[in-house]
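The values are calculated or read from the model by the stated rules, or taken from the named source; none is laboratory data. None of these values were measured; they are calculated from a predicted model. Positions of Cβ are generated from backbone atoms using ideal geometry, with glycine treated the same way; all protein chains shown enter the neighbour counts. Protein only, heavy atoms only, side chains kept; ligands, DNA and RNA dropped before computing areas. Shrake-Rupley method; radii C 1.70, N 1.55, O 1.52, S 1.80 Å.
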Amino acid sequence: QVQLVESGGGSVQAGGSLRLSCAASGRTFSRYVMGWFRQAPGKEREFVAAFNWSTENTYYADSVKGRFSMSRDNAKNTVYLQMNSLKPDDTAVYYCAARYYLYSRFPREYPYWGQGTQVTVSS
């Protein structure tokens, strides 16, 4: 079965950086899209970024463009989210998700999810 495990969350001050990891297992992910979503208390789950392993395209929400970037380690089936210039509004639980082949910004179209990792950014 597909299993996604996030790590790398924590607490930082505004302006700081974190790198989140998502280790995927259970199958070969060369035809998959890996996405990052976040959810703050009382808010809807929000698209952050995605990487299409088939096309090697990356996609970012407007709110994180220029600050966040995705990368991957093909051998480890791991994707990363480098988060720089963090703001208090970035505080949320960050989730790794996966779906087959096609890019999507919609959480409902991702069938596989990790457990989430907390990111807290203080002023």
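Give the number of residues within region 101-121 that are part of a strand (DSSP E or B) and either among the basic types (Lys, Arg) or within 11 Å of Phe37 (Cα to Cα) (or both).
Step one: filter region 101-121 for residues part of a strand (DSSP E or B), giving 112-113, 117-121.
Retained after the next criterion (residues that are either among the basic types (Lys, Arg) or within 11 Å of Phe37 (Cα to Cα) (or both)): 113, 117.
The qualifying residues number 2.
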Subset of region 51-105, residues free of Cβ contacts under 8 Å to residues at least 40 places away in the same chain, touching a Ser or Thr at 6+ places or on another chain (Cβ under 7 Å) and open to solvent by less than 60 Å² (accessible area, probe 1.4 Å), comes to Phe51, Trp53, Arg67, Met70
Picked from region 5-50 (must be of a type in the set (Gly, Ala, Ser), closer than 18 Å to Tyr101 by Cβ and open to solvent by less than 30 Å² (accessible area, probe 1.4 Å)), the residue farthest from the chain's Cα centre (by Cα) is Ala24
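Can you find, within region 55-100, the residue that is farthest from Ser7 (Cα to Cα) among those that are of a type in the set (Ser, Thr, Tyr) and part of a loop (DSSP other than H, G, I, E, B)? Spell out how you get there, then give the answer.
Narrowing region 55-100 to residues of a type in the set (Ser, Thr, Tyr): 55, 58-60, 63, 69, 71, 78, 80, 85, 91, 94-95, 100.
Subset that is part of a loop (DSSP other than H, G, I, E, B): 55, 63, 85, 91.
Numbers: Thr55: 25, Ser63: 22, Ser85: 19, Thr91: 15 Å.
Among them, the one singled out is Thr55.
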Which of the residues spanning region 110-123 are open to solvent by 70 Å² or more (accessible area, probe 1.4 Å) and either charged (D, E, K, R) or modelled with pLDDT of 95 or more (or both)?
-> Pro111, Trp113, Gln115, Gln118
